Amino acid sequence: MATPVPNCALMEDFATSIPLKASLSMNLLITIIALPVLVYSMEFIRKTQVFHRNTRLQIWMHLFGLLLHCVGRLLLHSIDLGNYFTRGENACDIIPNFYRCLVLRGFYNVGLALSSMCSVSLVLERFVAYHLSYKYEYCGRFFGIVLMFFQNILALCYLTSMYFHAAFVPGNFTLYYCQTIASSTGSVWFVIGPLYSVMIAQIVSRLMFKVLMWKSQNLRVSDEIDLSCRFNLEQSIRSLEALKLLVNCNTIVFAILSVVTTTLHFNAASLSKPNYMALVEAVHILPLYGIAICYGVHSKLRVITENKKELISKGMKANGDNYFNQFRQQIK
């Protein structure tokens, strides 16, 4: 197969595009901030005892996916910006290497796929925790590892559709920007379709999460559960309250990503290719999302911990007879 003659003028358009360089620069800055935040949060989740071990495994996998995505973006954007600002007279000299695009965009897409499956596995884990609240505290890591494997299977299905028609060796095309769809011979719906599948799964998971919150709070006021079950239920409710922000943001981000990506694609003809890619990169806000959820969940955990300390302090100051009367009432 003959190698196509590269369009140096088009490569020059990419290299001189102010919107594209601005989009890449902003995303690069956010990614640099996100990387240490994600690493710290992964270590925090590994050590914290606030969440059940199986919940921690699902969150850790989510953060790992975001970390992979950020590593891919850090390298992609750094190399592209370096090439754009240091190019010589012949713009064709900075045409991206195919294998560099394949590997680094692979990090980008694998991280995107893994991080998009978090809500599904988290809600499944909390669903089982609710129905086994009387003994879930003693549940080992095996179930959490199975759910992590399930996350990876879902991500693999997503990636299979995305890469089904993509090239894995150089072909009769020229990549002026590292983009998966640029080497694909199939319909764009092989890329967009999985995004909508993820969006639907996220929405269903969010509805299930709402139901779990409602059922857990109703069960809390029931007199039919023993003290051990009540303790596990309180732990579960605290976990749900802390995870609410994560599930909400996960659903909103991937819904926006699906809708805006589709809109951009079907209006691509009215945009220059560099401007189109600038908007595509701007829409993929996963590094910013990673910073937001790490900060948000940390803040929520801090509030929950302070409230817990306040309740304990009030309990210690309470009249002893009243305390034991309440305790006897709980264990009836």
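Just for region 64-105: of the residues that are assigned to a loop (DSSP other than H, G, I, E, B) and either in contact with a helix residue (DSSP H, G or I) (Cβ under 8 Å, 6 or more places away or on another chain) or acidic (Asp, Glu) (or both), which one is surrounded by the fewest Cβ atoms within 10 Å (Cβ to Cβ)?
Looking at the filtered set, the residue picked out is 89.
With the structure loaded, tell me whether residue 111 is within 27 Å of residue 289 (Cα to Cα), in a helix (DSSP H, G or I), in contact (Cβ under 8 Å) with a residue 60 or more places away in the chain and in contact with a Ser or Thr (Cβ under 6 Å, 6 or more places away or on another chain) or whether it fails that test.
For residue 111, the condition - within 27 Å of residue 289 (Cα to Cα), in a helix (DSSP H, G or I), in contact (Cβ under 8 Å) with a residue 60 or more places away in the chain and in contact with a Ser or Thr (Cβ under 6 Å, 6 or more places away or on another chain) - is not met.
Among (1) in contact with a Pro (Cβ under 6 Å, 6 or more places away or on another chain); (2) modelled with pLDDT of 95 or more; (3) closer than 21 Å to residue 175 by Cβ, where does residue 30 come up short?
(3)
Cβ contacts < 9 Å: first residue under 12 Å from residue 11 (Cα atoms), restricted to region 73-97; second residue of a type in the set (Lys, Arg) and assigned to a helix (DSSP H, G or I), any location; separation 6+ or different chain. Result?
80/21; 84/21
Looking only at region 82-93, decide whether some residue is of a type in the set (Val, Ile, Thr) and more than 17 Å from residue 179 (Cα to Cα).
Yes, the conditions are met somewhere in region 82-93.
Spot the failing condition for residue 6; the list is (1) of a type outside the set (Phe, Trp, Tyr); (2) outside any loop (DSSP other than H, G, I, E, B); (3) in contact (Cβ under 8 Å) with a residue 60 or more places away in the chain, and only one is missed.
(2)
Taking residue 27 as the residue in question, decide whether it is part of a helix (DSSP H, G or I) and farther than 24 Å from residue 73 by Cβ.
No, not satisfied.
Return the residues of region 36-59 that are buried (at least 17 other Cβ atoms within 10 Å of the Cβ), in contact with a helix residue (DSSP H, G or I) (Cβ under 7 Å, 6 or more places away or on another chain) and at pLDDT below 95; say none if nothing qualifies.
41, 42, 45, 50, 51, 52, 54, 55, 56, 57, 58, 59, listed by residue number.
Could you list, in sequence order, all residues of region 9-24 that are in a helix (DSSP H, G or I) and surrounded by 14 or more Cβ atoms within 10 Å (Cβ to Cβ)?
Scanning region 9-24 gives 10, 11, 12, 13, 14, 15, 19, 20, 21, 23, 24.
The values are calculated or read from the model by the stated rules, or taken from the named source; none is laboratory data. Bear in mind the structure is a predicted one, so any value in this text is a computation, not a measurement. For neighbour counting, all protein chains shown are included, and Cβ atoms are generated from backbone atoms with ideal geometry for every residue, glycine included.
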